[in-house]
Structure formats: structure tokens, C-alpha cells
Amino acid sequence: MVKKQKVSLRRDVVSKQLLPKNELIRIVKNKSNEIFIDQSQKADGRGVWIKSDIDSIKKARQKNLLSKGLKTKLNLDIYDQLEREING
């Protein structure tokens, strides 16, 4: 009998949909108030998840959703970093 892998779902900050973790990017604000893209998806701190496509990032930038999700003022550079991350 093959054991089924449990898929971890997280809520996308833009669409509010539950999606598998591997389709999302995690952005974290840690205790030192540093905000960064969490490659490991396990860093300590408050995290928000965003779908890894350009449209989601553009919508998040327009509505300032990462700022709201992380409950802090946010440097807009993070959106540029996300776009670079997706475009490779």
C-alpha cells in the first residue's frame, strides 16, 4: 500500500485561495524587523504567501498586500526582488 503524501496548503495573500506550498513564495518579517524572501519556507517570523506569478505580484504591489499581511511598512524593493525571483 502506497502512503499518500499530505500536501501542505497555504493561503495566497492576493487571491485568498488555498494552494500547495510549492506553488507559493513566502515573505517573512522576523523579530529584527528584517523583511526577506524565505527560500527555506521555514524561517522564524510572521510570513505571508504569494503565488509565484507576475500578475499576483503586480496586484499585491497595487493594493500593498504584503504590507498589510506583515502588519508593517514595507520597502517596495521586495516586489522587485519577487519579480526577479520569478523571472530567474
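Convex hull over the Cα atoms of the chain, averaged projected area in nm²?
It is 6.5 nm².
Just to confirm the number: angle between the C-alpha axis of helix 54-63 and the first principal axis of the chain, 0 to 90 degrees, nearest 10?
Approximately 50 degrees, to the nearest ten.
Given a 1.4 Å probe, how much area per residue of the chain is accessible, in Å²?
72 Å²
May I ask you to give the percent of accessible area on the chain that is carbon plus sulfur, with a probe radius of 1.4 Å?
C and S atoms contribute 47 percent here.
By a straight-distance test (C-alpha under 19 Å), which lysines pair with residue 63 as possible cross-link partners, with residues fewer than eight away in the same chain excluded?
Straight-line reach from residue 63, under 19 Å: 16, 29, 51, 71, 73.
The values are calculated or read from the model by the stated rules, or taken from the named source; none is laboratory data. The structure presented is a predicted model; accordingly, all values stated were derived computationally and were not measured. For the accessible areas, the whole protein counts, side chains as well, though only heavy atoms, and no ligand, DNA or RNA atoms are used. Shrake-Rupley method; radii C 1.70, N 1.55, O 1.52, S 1.80 Å.
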